[in-house]
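Worksheet: the structure to be examined is printed underneath.
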Amino acid sequence: MMQPPPAIHIKDLRKVFTVSQQDSGARAALQGLVKRRTIQVAAVDGISFDLEPGEIVGFLGPNGAGKTTTLKMLSGLLHPTSGEVKVLGYIPWKREKSFLRQITLVMGQRNQLVWDIPAIHSFELNRAVYRIPPDIYRSTLDELTELLELKPLLNKPVRNLSLGERMKCEIAAGLLHRPTVVFLDEPTIGLDVTMQRRIRSFIAEYNQRFGATVLLTSHYMADVEALCRRVVVIHHGKLLFDGDLSALVQNFTDHKTIVVRLEDCQADLKEYGEVISCEDNQFTLRVPKAETARVTERLLADLPVIDLLVEDPPIEEVIERVFAQEKP
Amino acid sequence: MRALAGLYLQQFKTTMAMMFQYRAMLAIWMLGQVLEPLIYLIVWSAVSTGAGGSVGSYTTRDFAGYFVVLMLVNQFSYTWIMYDFEYRVREGLLSFALLKPVHPIHSDIADNVSSKLITLPAMVLIAIVLAFAFHASISPQPWAILVFIPVLLMAFMVRFLLEWTLALVAFWTTRVSAINQSYFVLMLFLSGQIAPLTLLPQPVQVIADLLPFRWVIGFPVELLLGKLSPVDALIGLGAQAAWIIVGYVLLRIVWKAGTKVYSAVGA
């Protein structure tokens, strides 16, 4: 059997921007008039990865890591400085119509809906733009309306919607043409927890139903944990990690967390490990991974333990550590 | 072609919905479109009356006719794309437009045509009222009325192509207002908006002949007033056709270069 070609293929991708620099002060301003000092900044600096059709992958990195630049190169808005990009076999920056019909880019901080009128008008406009046949449009719209609970929102002017409501409409507008490749840039930014969860489960559902390939950036680890088995982490435009979320945790932490519940709170647990918190007779300890077994054994032997739990540190903490160091 | 018709129809509905959202703003905007030529009309009428009933080949009633027709022609060929484009680039709306499988110019054409169709009845009504109120003299030959229709359409096409192309400067710099201002000043003086071009000094008229502005406004107005010979009309049509070709070629070149820059420096 032949392996199907990857939905997304990136190899040694680079994007260098020329940025003009100006110091503060009148003299610098005058100098800037005559000759601008420019520097070259590599926003994306040689990254490679593939996505199989139907995969959902979390694309992580701190602000300015090069995530959005990469998404823009994948969707065809930016021309790479060097390297290979292919999406569904197309070269994105050529922006061929048959390519554009199969992708979408949803940006949490930008909106494409017409601001002053109800979202349904923007949906209808997209129907015409993507030439969606009426019956397919109807059924997709019904499906999206049901999954995202859009019914009460469709006929309100977009400017009157809350941030979360607007985001749901943005997502629906981006998916009406049933794209097979979906780029989501911070789709849950600024939303409350309930709304985040709703959008998350919607993305999972869309992926299942249509077999779409999804590349998702988010600052909320809950999004990533819920949706993505695989994550790609970049920092300063370079690839730091590509693999299973669980492997990321293994690779980047040398500690485990032990939560112990004692009969009373008198004990001093400093000698067992770093005490992170102590509430209601419940201690949280941080211990080096290699010593987890030994410390656990000692705790059980020495103290009146009611309950004991060994955990990996929370994913936020792991990510923070990944970003803090350059390369493991 | 059919798909584009569908898009145009949908854009028409959208534009209509937007205009009705802002009825008050629309009314104020239309008032502006009426007031500007009306002021020139009043000023020139006063000048003409003071000078004994005419200035050059224009009588007081000719001036009234000139500015009433100008109001309609201007309304029909007017676009607001140059203001819009800067905003689109700044807000990232252009990125969304570039990701659509249709050239963004189509929704602009559809949007402009739609808004004209929506406002035209009211403008025609106002023009008729003003024409009676100021005893405007508008006396075209039947052939001139017939030719006026394609001339008006071509005037819109010239203006649309040129302003759309000029708006693309926003790809290179987000501060396009200086360019817009210069364009509007040239337009004001060399299109015949401030005064009929035939009343201006000869050198200015030569310059106006060579530039596109006159063919967008002054020419259609003079045609409908009955001031042009069939030969003049043919020359004007030729000039419009030439500017449409120039505008189209320029638009393609600048669009290609602009999108290249946009995709190089960041969207």
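The values are calculated or read from the model by the stated rules, or taken from the named source; none is laboratory data. Just so it is clear, the structure is predicted and the values come from calculations on it, not from any experiment. Methodologically, a virtual Cβ is constructed for each residue, glycine included, from the backbone with ideal geometry; neighbour enumeration extends over all protein chains shown. Surface accessibility is based on the protein's heavy atoms, side chains included, excluding ligands, DNA and RNA. Shrake-Rupley method; radii C 1.70, N 1.55, O 1.52, S 1.80 Å.
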Listed residue pairs exceeding 31 Å between alpha carbons, taken from A:Lys86/A:Lys256; A:Lys151/B:Lys260; A:Lys238/B:Lys260; A:Lys35/B:Lys100; A:Lys15/A:Lys35; A:Lys67/B:Lys13: A:Lys86/A:Lys256; A:Lys151/B:Lys260; A:Lys35/B:Lys100; A:Lys67/B:Lys13
Computed [θ] at 222 nm, helices only, for chain A once each DSSP H run of length n ≥ 4 contributes -39500 (n - 2.57): -10500 deg cm²/dmol
Largest-first ranking of B:Trp215, A:Trp93 by accessible area, probe 1.4 Å, whole protein assembly kept, is A:Trp93, B:Trp215
Treat every Asp and Glu Cβ in the range B:2-265 as -1 and every Lys and Arg Cβ as +1, leave all other atoms uncharged, and give the resulting dipole magnitude about the Cα centre to the nearest 20 debye. 620 debye
A correct Karplus calculation of ³J(HN,Hα) over the range A:176-189, with 6.51 cos²θ - 1.76 cosθ + 1.60, θ = phi - 60°, whole Hz and x for Gly and Pro, returns 4, 8, 6, x, 8, 10, 10, 9, 10, 9, 6, x, 10, 5
Interface residues in the range B:78-124 - accessible area drops by 40 Å² or more relative to the isolated chain, probe 1.4 Å: B:Phe96, B:Leu98, B:Leu99, B:Lys100, B:Pro101
Area of A:Phe123 that stays accessible when all protein chains are in place (1.4 Å probe, Å², to 10): 0 Å²
Cβ-based charge dipole, the protein assembly as shown, positive-most Cα from B:Trp215, A:Tyr90, B:Trp80: B:Trp215
Considering the options A:Phe283, A:Val260, A:Leu216, tell which one lies farthest towards the positive end of the dipole of chain A, charges being +1 on Lys and Arg and -1 on Asp and Glu at the Cβ, about the Cα centre. A:Leu216
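When a/c is below 1.5 the answer is rounded, else prolate if a/b is larger than b/c, else oblate, so apply that to the range A:1-121 with a ≥ b ≥ c taken from the square roots of the Cα gyration tensor eigenvalues.
Because a/c hits 1.5 or more and a/b fails to exceed b/c, the range A:1-121 counts as oblate.
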Per its Cα gyration tensor (rounded if a/c is under 1.5, else prolate when a/b beats b/c, else oblate), the protein assembly as shown is best filed as prolate
FRET efficiency for B:Ile42 and B:His103, Cβ-Cβ distance as r, R0 = 60 Å, nearest 0.05? 0.90
Hey, what's the Kirkwood Rh for chain B if you take every pair of different alpha carbons, in angstrom? 19.8 Å
About its Cα centre, how strong a charge dipole does the range A:254-311 have in debye, to the nearest 20, once Lys and Arg get +1 and Asp and Glu get -1 at the Cβ? 260 debye
Taking amide H positions as placed 1.01 Å from N in the peptide plane, with prolines and chain starts having none, which residues 5 or more places from A:Asn111, or on another chain, fall under 5 Å of its amide H? none
Between B:Gln141 and A:Val305, the two model label points (7 Å from Cα along the beta-carbon direction) sit apart by a distance in nm of 10.8 nm
Shielding of A:123-132 by other chains, given as the mean Cβ count within 10 Å, works out to 6
Would you grab the residues whose amide H sits under 5 Å from the one on A:Lys256? Only those 5+ places off in sequence or on another chain, please, with H modelled 1.01 Å from N. A:Val287, A:Lys289
Counting heavy atoms of the protein chains only and a 1.4 Å probe, report the per residue accessible area for chain B as a whole number of Å². 47 Å²
Phi angles of the range A:88-102, converted by Karplus (6.51 cos²θ - 1.76 cosθ + 1.60, θ = phi - 60°) into ³J(HN,Hα) in whole Hz with x for Gly and Pro, give 6, x, 8, 8, x, 5, 6, 6, 5, 4, 5, 6, 4, 5, 9
Protein chains only, probe 1.4 Å: how do A:Lys67, B:Lys260 rank by accessible area, largest first? B:Lys260, A:Lys67
Where only protein heavy atoms count, and the probe is 1.4 Å, what is the accessible area per residue for the range A:214-328 in Å²? 54 Å²
Counting only protein heavy atoms with a 1.4 Å probe and every protein chain in place, the carbon and sulfur fraction of the accessible surface of the protein assembly as shown in whole percent equals 60 percent
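Just to confirm, what accessible area per residue do you get for the range A:1-143 at 1.4 Å probe, in whole Å²?
Spelled out: the 1.4 Å probe surface of the range A:1-143, per residue, equals 51 Å².
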Antiparallel DSSP bridges in the protein assembly as shown: what percent, to the nearest 5? 70 percent
If you split all Cα-Cα distances of chain A into 10 Å bins from zero, what percentages do you get per bin, shortest first? 5, 21, 25, 21, 15, 10, 3, 0
When averaged across all projection directions, what area in nm² does the alpha-carbon convex hull of the range A:80-134 cover? 5.5 nm²
Within 10 Å of each candidate Cβ there may be at most 16 other Cβ atoms; applying that plus a DSSP loop requirement, which chymotrypsin sites (Phe, Trp or Tyr not before Pro) in the range B:71-102 survive? B:Trp80
Do you know which residues of the range A:51-76 lose at least 30 square angstrom of accessible area in the protein assembly compared with their chain on its own, with a 1.4 angstrom probe? A:Lys72
Please get the size of the charge dipole for the range A:1-81, origin at its Cα centre, with Cβ charges of +1 on Lys and Arg and -1 on Asp and Glu, quoted in debye to the nearest 20. 620 debye
In square angstrom, rounded to the nearest 10, how much accessible surface does A:Glu165 have for a 1.4 Å probe? 50 Å²
In whole angstrom, how long is each semi-axis of the equivalent ellipsoid of the range B:151-261, when you take the square root of 5 times every eigenvalue of its Cα gyration tensor and sort them from largest down? 28, 16, 10
At 1.4 Å probe size, put B:Trp29, A:Trp115 in order of accessible surface, largest to smallest. A:Trp115, B:Trp29
Percentage relative contact order, chain B, counting C-alpha pairs under 8 Å, at least six apart: 26 percent
Mean Kyte hydropathy of -0.5 or more with a Cα span along the axis of at least 18 Å, helices from DSSP in chain B: B:2-21, B:23-50, B:60-77, B:105-133, B:142-167, B:177-190, B:230-265
Send over the Kirkwood Rh of the range B:1-116, from the inverse of the averaged 1/r over different Cα pairs, rounded to one decimal Å. 17.1 Å
Karplus 3J(HN,Hα) series, Hz, for the range A:62-76 with 6.51 cos²θ - 1.76 cosθ + 1.60 (x for Gly, Pro): x, 4, x, 6, x, 5, 5, 4, 4, 4, 5, 6, 5, 8, x
Nearest 100 Å² is fine: what is the total accessible surface buried where chains B and A meet, probe 1.4 Å? 2700 Å²
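When only Cα pairs under 8 Å and 6 or more residues apart are kept, what is the percent relative contact order across chain A?
18 percent
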Give me the accessible area of B:Ile149, 1.4 Å probe, in Å² rounded to the nearest 10. 100 Å²
Report the semi-axes of the equivalent ellipsoid for the range A:254-311 in whole Å, largest first, where each axis is √(5λ) for an eigenvalue λ of the Cα gyration tensor. 17, 12, 10
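Assign one of three labels to the range A:52-196, namely rounded, prolate or oblate, based on the Cα gyration tensor with a ≥ b ≥ c the square roots of its eigenvalues; rounded applies when a/c is under 1.5, prolate when it is not and a/b is larger than b/c, and oblate otherwise.
Since a/c reaches 1.5 but b/c is at least a/b, the shape of the range A:52-196 is classed as oblate.
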